[in-house]
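Taking it in order: structure first as structure tokens, then the write-up.
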Amino acid sequence: MAQDKETCVIVGAGGGLSASLARLFNAENMSIVLAARDIQKLEGLKEEINCDLVQCDATKIDQVESLFAHIDQISGAPSVVVYNPSARIRGDITSLDPVETKLAIETTCYGAFLVAQQAAIRMTKNGCGSIFFTGASAGIKGFPNSSVFAMGKFGLRGLAQSLARELQPKNIHVAHFVIDGGISSELRPDPGEQTLLNADEIAKTYLHFYRQDRSAWSWEIELRPWVEKF
């Protein structure tokens, strides 16, 4: 299919950062595709910005392949793909459930591989594109009782760094965003001191990376509120 406008695909979409990204990239006159396990929660956003919704479990090979096949049909090769899903399980190593641990790592890391693979196949053929991964401070340092989240986010960062070295020489911009702190939301409002990250402001950084000239590409950035320790 001929591509007449840029397309932004957000995997693991929800009402927080994903919604801010969708609104901002839509304001840039881009077509928006939101993928999530539960797309009913996105109906309001669909009404707001007229985006496409696709049900997809990012840990399932066939569902990820179907997602990108659908994108091929409606918009052609994606211009930017953002991977947002993650799963956090807390607990000491002696009590963690191995099955839940495996599922969490698949969501945070393995799904990112599946999505990146399908994106890279199309972007390599197209000769351009951007693949962005939403990370966390847990991908830089492991915290007590957070080994599962650390494994997933460390793996995600490793994937991003490796793909940046592999794909950027092919004109595909790969970037990893370290979100170091809590993000404000309706359920978690900022107390007024800007001690939580603002999702709309985070989204502006993703757009900045997307618009970076390839003579000065960045592969990673850390974002945190001014009071966050690091």
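Quick look at the numbers
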item	result
Test result for residue 216, out of contact with any helix residue (DSSP H, G or I) (no Cβ under 9 Å at 6 or more places or on another chain), over 28 Å from residue 90 (Cα atoms) and buried (at least 20 other Cβ atoms within 10 Å of the Cβ)	no
Check on residue 183, modelled with pLDDT under 95, aliphatic (A, V, I, L, M) and under 15 Å from the mean Cα position of the chain (by Cα)	yes
Residue satisfying condition, being free of Cβ contacts under 8 Å to residues at least 60 places away in the same chain, closer than 21 Å to residue 176 by Cα and in contact with a His (Cβ under 9 Å, 6 or more places away or on another chain), within set 33, 80	33
Residues (touching a residue at least 24 places away in the same chain (Cβ under 8 Å), over 30 Å from residue 168 (Cα atoms) and touching a strand residue (DSSP E or B) at 6+ places or on another chain (Cβ under 8 Å)) located in the stretch 183-222	196
Check on residue 97, among the acidic types (Asp, Glu) and either buried (at least 22 other Cβ atoms within 10 Å of the Cβ) or free of Cβ contacts under 8 Å to residues at least 12 places away in the same chain (or both)	yes
Yes/no for residue 117 being surrounded by fewer than 20 Cβ atoms within 10 Å (Cβ to Cβ), touching a strand residue (DSSP E or B) at 6+ places or on another chain (Cβ under 8 Å) and of a type in the set (S, T, N, Q)	no
Positions within the stretch 152-188 being part of a loop (DSSP other than H, G, I, E, B), on the phi < 0 side of the Ramachandran plot and surrounded by fewer than 18 Cβ atoms within 10 Å (Cβ to Cβ), in sequence order	182, 185, 186, 187, 188
Residues (aliphatic (A, V, I, L, M) and free of Cβ contacts under 8 Å to residues at least 24 places away in the same chain) located in the stretch 139-169	150
Qualifying residues in the stretch 18-35 (those that are assigned to a strand (DSSP E or B) and aliphatic (A, V, I, L, M)) - the one surrounded by the fewest Cβ atoms within 10 Å (Cβ to Cβ)	32
Listing of helices (runs of 4 or more DSSP H) fully contained in the stretch 36-151 that carry 2 or more residues being under 30 Å from residue 168 (Cβ atoms) and within 20 Å of the chain's Cα centre (by Cα)	61-74, 98-105, 111-126
Meets criteria (of a type outside the set (Asp, Glu), without any contact (Cβ under 8 Å) to a residue 40 or more places away in the chain, more than 20 Å from residue 157 (Cα to Cα) and outside any strand (DSSP E or B)) for residue 15	no
Condition met for residue 38 (surrounded by fewer than 16 Cβ atoms within 10 Å (Cβ to Cβ) and within 30 Å of residue 147 (Cα to Cα))	yes
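The values are calculated or read from the model by the stated rules, or taken from the named source; none is laboratory data. Just so we're clear, the structure is a prediction, and the values are computed from it rather than from any experiment. Note that each Cβ is placed from the backbone with ideal geometry, even for glycine, and that neighbours are counted across all protein chains shown.
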